[in-house]
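Asks: There's a structure below that I have some questions on.
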Amino acid sequence: MSLFVAEGLVKRFDALLATDHVSFSVEPGQLHALIGPNGAGKSTLVNQISGLLQPDAGRLLLDGQDITRLPPHARVAAGLSRCFQVTSVFKGQTVLDNLLLAVQAHAGSSFHFLRRRAAEAALQDQALALAARTGLAEVLAVPAGELPHGAQRKLDVALAIAARPKLLLLDEPMAGMGPAESAEMVTLIGALRREMAILLIEHDMDAVFKLADRITVLVYGKVLVSGSADEIRGHPQVQAVYLGTETTEATHA
Ligand SMILES: Nc1ncnc2c1ncn2[C@@H]1O[C@H](COP(=O)(O)OP(=O)(O)O)[C@@H](O)[C@H]1O
Ligand SMILES: [Mg+2]
C-alpha cells in the first residue's frame, strides 16, 4: 500500500485550473520529488496537501486514512509534517528552547509516567538528539532570529521532524541558499530519508536528481509524467519544459 496518495485533486481559482486532476503516490521509504516550472501549481498542490487550501475535488490518503477534510494540525497528528517556506520558529528564543518546545508539543502523554525531573531530562535528551541530527549542536544558545539563513532552514526541518512524521513535506528547503548551505541541506535530507518518506518540492534540479527515488513533473496544473530519476532525466518533454522549447506540445500531452 502506498504511504500517501493524492487522487484527482482539483483546485480552481476562477477560470484558472491551478491543479487539474492531479494524482500521484509516495511509497514507504521513498523520497518523491515534485518539480515544475513557475506557475505549474506546486504551491497550490502543497497547500492542499498540508490543509491550508481545500481541494474542489479529489482526495488525499495518508497510510490508508482519508485526510482530505482534516485541518492542518490534525494532519500533523496523523503523521504529515510540513517544513514551512515561511519559518515558524520563535525568533527571540534560543535554538534549544525552540527544539524543547517542539519536542514537548509532540511528546503527548509519553512522559507522564516519569517524575518531573526525569521527564525534563528526557525532553532535553530528545531536543539535543534533534540538534545533533540536523547539524545545530554548535548553535544551541543562539537566538533563532540571529541564525544565518542556512541554519534557520535546518531549524525549520528540525521542528518538522520533532513530530516524528510518516511523511515529511519539504517545500523548497534550498530556497535562498548558497552552494555550501545547499550542499549541507542535501546531506541532511539524504540522512532523513532513511527514517521517513519525504515529499520534496524543489527548484534546484541537481539536488532533486541527487536525492529523489521518484519524480513527478507538474506543468500548467497537470502531471506531465511520474517516473524514476533516470526516466525523468531522459524524458524529451521534461527537457523541453526546462529548456523552454516545445512547451505547447509538452503541456498538451
Ligand atoms: N490564491 C490564488 N488566487 C488566484 N490565482 C492563484 C492563487 N494562487 C495561485 N494562483 C495561480 O495558480 C497558478 C499556480 O500557482 P502556484 O501554485 O503558485 O505555482 P508554482 O508554485 O508552481 O509556481 C498560477 O497561475 C498562479 O498565478
Ligand atoms: Mg510556488
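Please treat every number below as a calculation from the coordinates, not as lab data. Since we're looking at a predicted model, the values are computed, not measured. Glycine also receives a Cβ, built like all others from the backbone with ideal geometry; neighbour counts cover every protein chain displayed.
Asks: Evaluate the charge dipole of the chain about its Cα centre and quote only its size in Debye, nearest 20, assuming +1 on the Cβ of each Lys and Arg and -1 on the Cβ of each Asp and Glu.
Replies: For the chain, the charge dipole is close to 820 debye.
Asks: Another question, then. Read phi for every residue in region 52-63 and hand back ³J(HN,Hα) as whole Hz from Karplus 6.51 cos²θ - 1.76 cosθ + 1.60, θ = phi - 60°, with x for Gly and Pro.
Replies: Listing the rounded values in order: 6, 10, 8, x, 7, 7, x, 8, 10, 10, 10, 6 Hz.
Asks: As a quick test, which of the pairs Lys154/Lys210; Lys11/Lys91; Lys42/Lys91 have an alpha carbon distance above 26 angstrom in this structure?
Replies: With Cα atoms farther than 26 Å apart: Lys11/Lys91; Lys42/Lys91.
Asks: Rounded to the nearest 500, what is the chain's calculated 222 nm mean residue ellipticity when only DSSP H runs of at least 4 contribute -39500 (n - 2.57) each, over all residues?
Replies: Helix-only estimate at 222 nm: -11500 deg cm²/dmol.
Asks: How long is the gain from Ala74 to His21 if the chain were fully straight, where each residue apart is worth 0.36 nm and the alpha carbon distance is subtracted?
Replies: 16.6 nm
Asks: Now, a different point. Equivalent ellipsoid semi-axes for the chain, as square roots of 5 times the alpha carbon gyration tensor eigenvalues: give them largest first, rounded to whole Å.
Replies: They are 34, 21, 15 Å, listed from largest to smallest.
Asks: Taking the Cα centre of the chain as the origin and placing charges on Cβ (Lys, Arg +1; Asp, Glu -1), which of Leu62, Pro173, His73 is farthest toward the positive end of the dipole?
Replies: Farthest along the dipole direction, towards plus: His73.
Asks: Of all the Cα-Cα pairs you can form in region 69-209, what percent are over 18 Å apart?
Replies: So the portion of pairs separated by more than 18 Å is 56 percent.
Asks: Picking from Ala197, Gln48, Ala118, whose Cα lies most toward the positive end of the charge dipole for region 4-251 (charges on Cβ: Lys, Arg +1; Asp, Glu -1)?
Replies: Selected residue: Ala118.
Asks: How large is the dipole of region 31-143 about the Cα centre if only Lys and Arg carry +1 and Asp and Glu carry -1, each at its Cβ, rounded to the nearest 20 debye?
Replies: On the way: 10 positive and 7 negative charges, 25 e Å.
In debye, rounded to 20, region 31-143 gives about 120.
Asks: Relative to the longest principal axis of the C-alpha atoms of the chain, give the angle of the C-alpha long axis of helix 179-192, reported between 0 and 90° and rounded to the nearest 10°.
Replies: With both axes taken from Cα atoms, the answer is about 80 degrees.
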